[in-house]
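Enquirer: Have a look at this one before I ask anything.
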Amino acid sequence: MNYYLRRTIRIPATILGVATLTFGLIRLLPGGPFTQLRIQLRRRGMDAQEINARIEALQNIRPEKSLPEQYLDYLIGVVQLDLGQSISLNKPVIEVIGQALPWTVFIVVVSTLLMFVLGVLLGSLQAYWEGTTFDSVGSGLSILFMSIPYYIYAVAFLVVLAFSWGVFPTSAAADRSIEAGFTVAYAVSVLHHAALPIISFTIGGVGSTALSMRGNSIQVLGREFVEVARLRGLSDQRIATRYVAMNAILPMYTGLLLLVGFRLGGTVVLEEIFTYPGLGFYLIEGVNANDYPLMMGCFMVITIALVLAVYFADMTYGLIDPRISVGDADEY
Amino acid sequence: MSSDTLTSQGSDERQPDPILEITDTNVTYTDGESYVLEDASVSIHRDEILGIVGESGSGKSMFASAILDAVPDPGVLSGQLIYNRRDGTTVDILGLSDEQLRAFRWEEIAMVFQGAMHSFNPTMKIKTHFTETLQSHDRSVGEGMSFARELLESLYLEPERVLNAYPHELSGGMQQRALIALSMVLNPEVLIMDEPTAALDLLMQRSILSLLNDLQEEYDLTIVFITHDLPLVAGIADRMAIIYAFEFVEIGPRDAIIANAAHPYTRALLQATPNINSPLEAMQSIEGQGPAPANVPSGCRFHPRCPVATDECESVEPTLDAHDANNHRVACHHVERAREELTISTDEEGAFSATERTTQTTTDAESLLELSDLQVHFEASQGVIEQFIGEPDVVKAVDGVSLSIEAQDLVCLLGESGCGKTTLGKAMIGLQEPTGGSITFRGESLDEHDDARAALQIIHQDPSSALNPNRRIVDILSEPLLHTHPNASITERRRRITSLLERIGMTPADAYIERYPHQLSGGEKQRVVLSRALLMDPDAVLADEAISAVDVSLRIEIMDLLLELQEEFETSYLFISHDLSNARYITEHAGGRIAVMYLGEIVEIGSAQRLLTDPRHPYTEVLRWATPDLGLDTDADDEPPVREIDVPDPIDPPTGCRFHTRCPVARETCVETSPELRDCEDGDGAVACFREEPDHQYWESDPLDGASEHPE
């Protein structure tokens, strides 16, 4: 079958798999929120029908129905973006996610791009000056930075810059006193609040990007077409961008998109440290409150984001690198 | 050195006018201790083609880089390089500033590298390569591009198609020609070509060479052609220089080098080249290998390999002196003795002597492998849009081949790349599932035969990637023995391996078996691969371009080994080659057949002798033309005898006879109907061409555009 078609069909299939897993997990977990809730409600003297109605509203499942019917209802709910009702926040899950997701996406996209740009710059400079002090110091620092987990930076920044020196705020995504909107004051406030999370989430990545960029560039610099370009009298700047950088960055492109997906799920601890109201923050909230619908909703969103990122990378790589004919090309 | 420029023995007696004077030029590494080019003193005449010949690792590429002052770090270039402009001004290349050098390169001297694939930026269209070059040298892009189109057209390329393609979308031959056009886009005076055709098919090599000859005349170019392939460059060169172990050992007019070579190394090279015009027994390989830069022999560097060496050669280094009246210079103490004692036979008499084994004619015996109407079709990859609609394109790599191979037979598949010879070979030994037709092995279907997998072996083109780098030779060779002799003890296996290694000339075997593949030379690796295949005790071995990756001077040696071991191991060979002279060498020795393939079909099959002396199919004749020989009267001036240089797209092969788009004698009939492979009436083998049938309607139909009206 056609590669693009196959690849596109695989997306709903993956999401279906994840939805099925979440559905099954809820049922498998002993002492899940519904058992607890059922006991609580029964103690209050509610009758069984009322209890079922409540639970049904909470999770868009009708407990009295058979398992396949419940499964079907749940799936229909997911398709209609109805992920149930958050128990602890008493709001529809989709609404909570709708508010949290933009913040997380903002943090992740900005920090990943920053990481990529800085890493590529640093790596190519190191490759050009291969063997110099700059190169060895750069490589050493890169290794050091990438081996320290991001939450260490986060805690350190929070303690020093936010609590001791008070240069940055300690929580929230924006100043509550400023009204949300496209105003300069609001944008400044947003950046001010996001600065520390973004920086802590970027530093380690810069190191690893720089190292792989350095390696790729050194390889490309040794290729014959760079030598030929030099003999053809092209300017150093053109060789550095169109010849070396272009060919060194290409293999890193798929990795970049995958990274965006993975880092979406990696913000959990980060947002908890900075009390930043993103997806990860609510996920932890959900875990702490035994709020299963919220947890499952967050899982679903993170998974879907990852699946879409990989899909996008697969689809576009062929357009970006002319050598890749997408799919299973073979020579004869 | 000056003697070189005083008189010219060039065929047209033009006044020597050196465009480049290279004096005492050295390239050194590791603080001047090892030389990779030593005391090079050569003058290159304006508008000549200078052929520089040397083995791999002899410093010939370093010479090319030195001319452009582009020696790779940490090499150090010293000496004097003077470039004379047409208007009389001179340029000291080593004295140029960086900016001057940037402008000088490509405007005055341009270079063409071996691997065109690696010379283009894979992420840019060909066109961008041209425009950026023009812009960097402040030329008008409009004028430059129309010149580029003119160049591409004269190189038999469609300018628009090539310019708008990415490098990987072009075939190797097209890339190489596009690279030649790119090197000429600023209209330079000198073109330095470093093995520009080594990666290509012979036919493409020859075609490019004849195009080069045209370009050289049309644009008044001076060409320095660097290669390891002496017969190839002999066809176009005006003068030739031989380089051995980082020094020039002989330099002179082409005719003097070919007919009256003075240096023992040159004579050995001439003798070592498989040549379709010389008798088989005259071809001999050169013993040993060229030295590494770190341990160059004292005295004459060639003396350890030289048959006429004396004590004097060991201690005194000969200088490059003129020995004859013309500017033929040689660095050898014993020119007279070398000429007397080392004979080169180029006479065509006795070319087909009775060295043949009795050709197998026992067709009634059960054949080893029997192919009937074999087809292997692939689905080609497509673009984004095409994938959603319509049927996939099908490449008919092998389309209806019938062939039978006897025990201890040798069949050589000959053809250009993309003609399906490797696919056919792989299908024959069961590595490629056929999509149609049948293969029987010893009377049974190949996939039902239990022993077939072990009995059919393969030797790949590149021995380096065919050997596991992490295993010792003894481990590599033990593997097949474990299959064939599962009960043999370790000592027994070792004994067999050492005796085989000794047999194939890798002595001392005890030292070799402990080595890893990277510690062996290319020729030795290929011998290990060969041994590994033979230790399986196979009935047939597929040798897929098995000697193409080996240095020219070793090819004969490897082929001889193949032949000797064939008798010993009683195996059959399927030998794949694009080189008629190699194919002829091995088939004639083994008494086998050559099968000429074109776009998935066998167009002619027969003994080497019949194919060489009496080729019936026009394609065989074209391949015959493409094979360089060392005759003095041969010149690459003649146009390629094909109407199109490139092989048609195999996805949409031509109708009728597939060769009709390129065939020099095609007629209307060939477009519509396809000839069948018919047995030759007055000769061995079979051929698929209407010209074999005297009363075919072919003779009445009109010749196609560009085809010859009166063939023969």
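The values are calculated or read from the model by the stated rules, or taken from the named source; none is laboratory data. Please read these numbers as outputs of a predicted model, since none were measured by experiment. Cβ sites come from the backbone with ideal geometry, for glycine too, and all protein chains shown count toward neighbours. These area figures cover heavy atoms from the full protein model, side chains too; ligands, DNA and RNA do not enter into them. Shrake-Rupley method; radii C 1.70, N 1.55, O 1.52, S 1.80 Å.
Enquirer: Which value in deg cm²/dmol, rounded to the nearest 500, describes the helix-derived mean residue ellipticity at 222 nm for chain B, given -39,500 (n - 2.57) per DSSP H run of n ≥ 4 and division by the residue count? Show your work: numbers first, answer last.
Expert: Numbers: 27 runs with 233 residues, N = 712.
When only DSSP H runs of four or more count, the value is -9000 deg cm²/dmol.
Enquirer: If you take the charge dipole of the protein assembly as shown about its Cα centre, with +1 on Lys and Arg Cβ and -1 on Asp and Glu Cβ, which of B:Ser183, A:Ser217, B:Phe378 is farthest toward its positive end?
Expert: Of B:Ser183, A:Ser217, B:Phe378, it is A:Ser217.
Enquirer: Go from 0 up to the bin containing the longest alpha carbon distance in chain B, width 20 Å each, and give me the % of pairs per bin.
Expert: Result returned by the calculation: 16, 48, 32, 4, 0.
Enquirer: Based on the mean of other Cβ atoms within 10 Å per residue, sort peptides A:76-88, B:535-547 so the most packed one is first.
Expert: Details: A:76-88: 17.9, B:535-547: 23.3.
My ranking of the peptides, most packed first, is B:535-547, A:76-88.
Enquirer: I've got another one for you. Given a 1.4 Å probe and every protein chain left where it sits, what share in percent of the accessible area of the protein assembly as shown is carbon and sulfur? Kindly include the intermediate steps, with their values, before the conclusion.
Expert: Working: 23900 of 45080 Å².
About 53 percent, which is the carbon plus sulfur part of the accessible surface.
Enquirer: Just to be sure I understand the interface: list residues from the range B:118-143 that lose 50 Å² or more of accessible area between the chain on its own and the complete protein assembly, 1.4 Å probe.
Expert: The answer is B:His118, B:Asn121, B:Pro122, B:Thr123, B:Glu132 - residues whose exposure falls by at least 50 Å² when every protein chain is included.
Enquirer: Where nothing but the Cβ of Lys and Arg (+1) and of Asp and Glu (-1) is charged, how large is the charge dipole of the protein assembly as shown around its Cα centre, in debye to the nearest 20? Mind dumping the intermediate values first?
Expert: Values: 72 positive and 149 negative charges, 1438 e Å.
The dipole magnitude comes to about 6900 debye.
Enquirer: Indicate, rounded to the nearest 5 percent, the antiparallel portion of the DSSP beta bridges found entirely in the range B:367-583. Please list the in-between numbers first.
Expert: Details: 16 of 30 bridges.
That works out to approximately 55 percent antiparallel.
Enquirer: What is the distance, in nm, between label points placed 7 Å from the Cα along the Cα-to-Cβ direction at A:Thr241 and at A:Leu75?
Expert: Between A:Thr241 and A:Leu75, the label points sit 5.1 nm apart.
Enquirer: Hey, another quick one. Between the DSSP loop rule and a limit of at most 11 other Cβ atoms within 10 Å, which chymotrypsin sites (Phe, Trp or Tyr not before Pro) in the range A:177-242 are left? Intermediate results must be reported in sequence, preceding the final value.
Expert: Details: sites: A:Phe182, A:Tyr186, A:Phe201, A:Phe225; in loops: A:Phe182.
In loop regions of the range A:177-242 (DSSP not H, G, I, E or B), the sparsely surrounded chymotrypsin sites (Phe, Trp or Tyr not before Pro) are A:Phe182.
Enquirer: Any idea what the alpha-carbon Rg over 2.2 N^0.38 Å comes to for the range A:94-320?
Expert: That works out to 1.17 for the range A:94-320.
Enquirer: If you don't mind, there's one more thing I want to ask. Find out how many positive minus negative residues lie around B:Glu692, taking Lys and Arg as positive, Asp and Glu as negative, among other residues whose Cβ is under 9 Å from that of B:Glu692. Present the calculation step by step, with values, prior to reporting the outcome.
Expert: Details: positive: B:Arg616, B:Arg678, B:Arg691; negative: B:Glu681, B:Glu693.
Net charge in that neighbourhood comes out at +1.
Enquirer: Another question, if that's okay. When only DSSP loop residues count, what GluC sites (Glu not before Pro) in the range A:231-332 have their Cβ near at most 10 other Cβ atoms within 10 Å? Kindly include the intermediate steps, with their values, before the conclusion.
Expert: On the way: sites: A:Glu271, A:Glu272, A:Glu285, A:Glu331; in loops: A:Glu331.
Filter output for the range A:231-332: A:Glu331.
Enquirer: Under a straight-distance cross-link criterion of Cα-Cα below 12 Å, which aspartates and glutamates are reachable from B:Lys125, leaving out those fewer than 8 residues away in the same chain?
Expert: Within reach: A:Asp321, B:Glu160, B:Glu169.
Enquirer: Where nothing but the Cβ of Lys and Arg (+1) and of Asp and Glu (-1) is charged, how large is the charge dipole of chain B around its Cα centre, in debye to the nearest 20? Please list the in-between numbers first.
Expert: Working: 51 positive and 125 negative charges, 403 e Å.
Roughly 1940 debye for chain B.
Enquirer: Using Cα positions and a limit of under 20 Å, work out the lysines in reach of B:Lys396, with same-chain residues fewer than 8 apart set aside.
Expert: Those lysines meeting the cut-off are B:Lys421, B:Lys426.
Enquirer: Which residues of the range B:168-201 show a drop of at least 50 Å² in accessible area when all protein chains are present, compared with their chain alone (probe radius 1.4 Å, heavy atoms only, ligands and nucleic acids excluded)?
Expert: Residues of the range B:168-201 that lose at least 50 Å² of accessible area once the other chains are added: B:His168.
Enquirer: Inverting the mean 1/r over all pairs of different Cα atoms, compute the Kirkwood radius of the protein assembly as shown and quote it in Å. Numbers along the way, then the final one.
Expert: On the way: mean 1/r = 0.0293 Å⁻¹.
Result for the protein assembly as shown stands at 34.1 Å.
Enquirer: To the nearest 20 Debye, how big is the dipole of the range B:14-126 about its Cα centre, given +1 on the beta carbon of each Lys and Arg and -1 on that of each Asp and Glu? Before the final figure, lay out the partial values.
Expert: Details: 8 positive and 18 negative charges, 116 e Å.
About 560 debye.
Enquirer: While we're on this one: For the range B:459-541, state which trypsin sites (Lys or Arg not before Pro) are in a DSSP loop and have at most 15 other beta carbons lying within 10 Å of their beta carbon. List each step's numbers first, then the result.
Expert: Working: sites: B:Arg471, B:Arg472, B:Arg493, B:Arg494, B:Arg495, B:Arg496, B:Arg503, B:Arg515, B:Lys525, B:Arg527, B:Arg532; in loops: B:Arg471, B:Arg472, B:Arg515.
Hits after loop and neighbour filter: B:Arg471, B:Arg515.
Enquirer: If you roll a 1.4 Å probe over the heavy atoms of the protein chains, what accessible area per residue do you get for chain B, in Å²? Mind showing how you got there, number by number?
Expert: On the way: 28430 Å² over 712 residues.
Each residue of chain B exposes 40 Å² on average to a 1.4 Å probe.
Enquirer: With solvent modelled as a 1.4 Å probe, how much accessible area in total do chains A and B shield from it at their shared surface, in Å² to the nearest 100? Walk me through the numbers before you get to the answer.
Expert: Details: alone 18120 and 29770 Å², together 45080 Å².
Using a 1.4 Å probe on protein heavy atoms, the buried area is about 2800 Å².
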